[in-house]
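**Student:** Pasting a structure here, questions to come.
Taken together, the values in this text are just the output of simple stated rules run on the coordinates, not laboratory data. Please read all numbers here as calculations on a predicted model, not as lab measurements.
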Amino acid sequence: MMENIISPENLVYTKTKLMTDKALSYCPGCGHGVVHRMIMETVDEMGIQDKTIGIAPVGCSVLAYDFMNVDMQQAAHGRAPALGTAIKRLMPGKYVFTYQGDGDLAAIGTAETIHCCNRGEDMVMIFINNAIYGMTGGQMAPTTLEGMPSSTSPYGRDVARMGYPLRITEMVAPLAGVYNCSRHSVHTPAAVRKLKRAIRKGFEAQADKKGLTFIEVVSNCNSGWKKTPNDANKWMEENLFPYYPIGDIKIDGKMVA
Amino acid sequence: MAKIKGTIVVDKEQCKGCEVCTTACQFKCIGMSKEVNGKGYRYAISVNDDCTGCTNCAIVCPDGVISVYRAKIDSQ
Ligand SMILES: Cc1ncc(C[n+]2csc(CCOP(=O)(O)OP(=O)(O)O)c2C)c(N)n1
Ligand code: SF4
Ligand SMILES: [Mg+2]
């Protein structure tokens, strides 16, 4: 029977101790939790828990500091890159990462995002793009797709009136301060493993003072999209991935896409 | 002959029943409970003996509620 292999020496995966025991505040199936855990697994494997400082945003992940067991600060809406810059410059020996949603990073915080990337701060910026303002009830974000319904565009985003969905990751990639830039997802095991490698590369790049690593994760917002988690992931593959293609955009300072 | 066997342990009170693990498992080892947990969610349960301990379910679990065990079992 299976039960007899359940013993510590056979344990091959369990939640990292760098995630706290607090129940995540996210909806069932939401990608935020996986991204949190991949950051913490990276910090754990690099042995840098006491040297890492994270910046939480405004949005569903506003409570990220409750879940990731490292030092964290929570920034005003969109200002995580500015706060991260201050922390990194005051404590250059620390590993700094920011964690933001698309409303936070690509709407109210657009200026902070672009200038932080342009300055090439030695930090990792994590950008969760779920094409919507999740926390506040599914309003249209700059990233909302053409024709995609949201609570403030119930008949779908009309680009003639509301503009086009913003690919901010492609915008920041060519900036000289950006050393690595890639787009990921966390809905399949292979995708999650790839994301984790990108996070590791970003943490190593900041230790080597190479500049900024920008990591977008296209993720689901089941509640905002009004779908079950598995349906949301399928919808994401079919609708978001064609507009926000997964893959590397810039690696080690060179554009690859 | 040695065979790789795996099994999962689900923290059923923390599971939110999102079912993402059920599609991540290529051997369809995971189903959902009939009863609900304290939060009111059906939780993930293993439904067959085909687990290889690949960890795919645990890696995609948003809440990190799945632990995976793997061992070489000598079979005849
Ligand atoms: C200055 C300010 N303006 C507006 C808000 C309201 N608000 C809270 S969260 C949010 C958007 C969050 O969306 P996103 O960054 O995409 O995060 P998600 O919840 O989708 O992960 C807004 C507009 C606020 N808290 N502060
Ligand atoms: S509202 Fe959307 S982004 Fe926020 S926790 Fe729920 S699924 Fe995640
Ligand atoms: Mg969002």
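**Student:** Tell me, Kirkwood radius of the protein assembly as shown from alpha-carbon pair distances, in Å?
**Tutor:** Computed over Cα pairs of the protein assembly as shown, the Kirkwood hydrodynamic radius comes out at 20.4 Å.
**Student:** Give the separation of the Cα centroids, the range A:39-79 to the range B:1-64, in Å.
**Tutor:** The range A:39-79 and the range B:1-64 have Cα centres spaced 27 Å from each other.
**Student:** Given the pairs A:Lys196/B:Lys3; A:Lys88/A:Lys250; A:Lys196/B:Lys16; A:Lys88/B:Lys16; A:Lys226/A:Lys250, which are separated by over 27 angstrom at their Cα positions? It would help to have the intermediate numbers written out before the result.
**Tutor:** On the way: A:Lys196/B:Lys3 29 Å; A:Lys88/A:Lys250 23 Å; A:Lys196/B:Lys16 23 Å; A:Lys88/B:Lys16 36 Å; A:Lys226/A:Lys250 34 Å.
Over 27 Å Cα-Cα: A:Lys196/B:Lys3; A:Lys88/B:Lys16; A:Lys226/A:Lys250.
**Student:** For the pairs A:Lys227/A:Lys254; A:Lys227/B:Lys5; A:Lys22/A:Lys234, note any where the Cα-Cα span goes beyond 31 Å.
**Tutor:** A:Lys227/A:Lys254; A:Lys227/B:Lys5
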